[in-house]
1. Could you check R69 against (1) without any contact (Cβ under 8 Å) to a residue 24 or more places away in the chain; (2) within 11 Å of the ligand (Cβ to nearest atom) and say which number it fails?
2. What is the number of the single condition among (1) open to solvent by 20 Å² or more (accessible area, probe 1.4 Å); (2) away from the ligand (no atom under 15 Å from the Cβ) that R64 does not meet?
3. Conditions first: (1) touching a Phe, Trp or Tyr at 6+ places or on another chain (Cβ under 8 Å); (2) crowded, with 22+ Cβ neighbours inside 10 Å. D205 passes all but one, so which condition is the exception?
4. Pick from segment 128-151 the residues that are open to solvent by less than 30 Å² (accessible area, probe 1.4 Å) and outside any helix (DSSP H, G or I): which of them is farthest from V234 (Cα to Cα)?
5. One residue is enough: does segment 45-55 have a residue meeting the conditions among the charged types (D, E, K, R) and at pLDDT below 95?
6. Out of all the residues in segment 102-115, is one or more open to solvent by 60 Å² or more (accessible area, probe 1.4 Å), assigned by TED's automatic domain parsing to the domain that holds F178 and of a type in the set (V, I, T)?
7. Name the one entry in L162, L208, L176 that is touching a His at 6+ places or on another chain (Cβ under 9 Å), farther than 23 Å from I87 by Cα and touching a residue at least 24 places away in the same chain (Cβ under 8 Å).
8. Can you tell me which residue among V293, V288, V264, V258 is closer than 30 Å to P177 by Cα, in contact with a helix residue (DSSP H, G or I) (Cβ under 6 Å, 6 or more places away or on another chain) and either β-branched (V, I, T) or surrounded by 14 or more Cβ atoms within 10 Å (Cβ to Cβ) (or both)?
Amino acid sequence: MASARTPLDDLRREIDQIDDAIHDLLMRRAAVVERIGAAKGNGAAETGAQPVFLRPAREATILRRLMARHAGTFPAQVVVRIWREMITAFTRMQGPFAVAVYAPEDRRGFWDVARDHFGGFVPMTAVNTPAAALRAVSEGTATVAVVPYPAEDDSDPWWRFLVSADAGRPQVVARLPFGGRGNARGENRDALAIAAVPHEPTGDDRTLLSIEIGGDLSRGRLKDSLEACGLPPVGFCTWHPAGHATGMSGGGPSVHLVEIADFVGQGDPRLAKLLERSGDIPVRVNVVGGYAVPLALG
Ligand SMILES: O=C(O)C(=O)C[C@]1(C(=O)O)C=C[C@@H](O)C=C1
C-alpha cells in the first residue's frame, strides 16, 4: 500500500518546481549572453580590434542592484558568490578567459580571493611575482592578473609596469574581494585585478592615477594640488626609480600612484588643470585604471 504524502513531500515538490524555474532562467540568461557576445564580437570586428568580453563595471552594477533588493534570511554574501561564479561562466561563453594570480606557496590567500571572484572552473595559474602575472596579461596568456593591493613600502612596485599612455594597455579593473572575504586563507590583504579593459564608471568608483614628476615637488604640495583640482587623494604610494634616494620630499624623479575617490577618465579636465598648476616642473599624469567600490556586506 502506498504511504500517504506528508507535508515534507509537498515542500520538496515545491523545491523541485523552484529549482526547475531557476534552472530555466539560467538557460534563458545564457541565451541572452550569447547574443551579447555576438554583438561585442561584431563591434570589435568593425574596428579591427581584439574583442574583450569582460565588463567589470557592468558586473559591479549588477551585484549592487541585486544587493539593494535583497531581503530575507538567505545570506547576501552567498548571493554574490553564486553570481560571481555565474558571471565568469557567462564571460567565458563569449570568448577565451584565463587568470594569472600572484600566489606563491606561502601566500595562498590571493588564490582563494581570485577563485571566489572568478569561480572554481576558470583556468587559473599561480605565479611567483606580481610582474609575472602582469606579463601573462601583456603577452595574452591570461585575460586577468590578480596582484596585491599596492603597499606604501614596496621598493619595486608592480604598478610601475602600468605607467603608460598606450591605448589598450592593461589597467586596474577591479578590487577583490568585491563581496566579502569569506573563508579565504592567508593575510588580510586585498587584491587588484588587471586587464586590458577600459576603466568605466559605475556611480561609486575609485581611480588610480600615475603621476610622474621630473623635478622637486613634495608629496604635500602634490596633495594640495590634487585637492585644489577636485581630485581628492585617498591613497598614495611613491616609487623612486633606481639611483635616487627614497624620501618623500622630492629631490629627483619620482612616480606616484595616487588613489582618487571618484571616477576619472583619461580626458578629464581636472587632469589638465593639475598639469597647468605644476608650472615649470615636468609632470605626466595617466589613468592606470580604477575599480567599483566593493560592497559593504555586514
Ligand atoms: O553585459 C555584458 O557585457 C555581458 O557580457 C554579460 C555579463 C553578465 O553575465 O551579466 C557577462 C560578462 C561581463 O563581464 C558583464 C556582464
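The values are calculated or read from the model by the stated rules, or taken from the named source; none is laboratory data. A quick note: this is a predicted structure, and the numbers were derived from the prediction, not measured. Here the Cβ is made from the backbone with ideal geometry for all residues, glycine too, and neighbour counts use every protein chain on show. Only protein heavy atoms, including side chains, enter the accessible area calculation; ligands, DNA and RNA are left aside. Shrake-Rupley method; radii C 1.70, N 1.55, O 1.52, S 1.80 Å.
1. Every condition holds for R69 apart from (2).
2. (2)
3. (2)
4. Here the residue is A142.
5. Our first condition is that a residue be among the charged types (D, E, K, R); within segment 45-55, this holds for 46, 55.
From what is left, the residues that are at pLDDT below 95 are 46.
Yes: one or more hits.
6. No, segment 102-115 contains no residue that is open to solvent by 60 Å² or more (accessible area, probe 1.4 Å), assigned by TED's automatic domain parsing to the domain that holds F178 and of a type in the set (V, I, T).
7. Values: L162 fails: touching a His at 6+ places or on another chain (Cβ under 9 Å); L176 fails: farther than 23 Å from I87 by Cα.
Selected residue: L208, the only one of L162, L208, L176 that is touching a His at 6+ places or on another chain (Cβ under 9 Å), farther than 23 Å from I87 by Cα and touching a residue at least 24 places away in the same chain (Cβ under 8 Å).
8. Working: V293 fails: in contact with a helix residue (DSSP H, G or I) (Cβ under 6 Å, 6 or more places away or on another chain); V264 fails: in contact with a helix residue (DSSP H, G or I) (Cβ under 6 Å, 6 or more places away or on another chain); V258 fails: in contact with a helix residue (DSSP H, G or I) (Cβ under 6 Å, 6 or more places away or on another chain).
Just a single option satisfies the conditions, and that option is V288.
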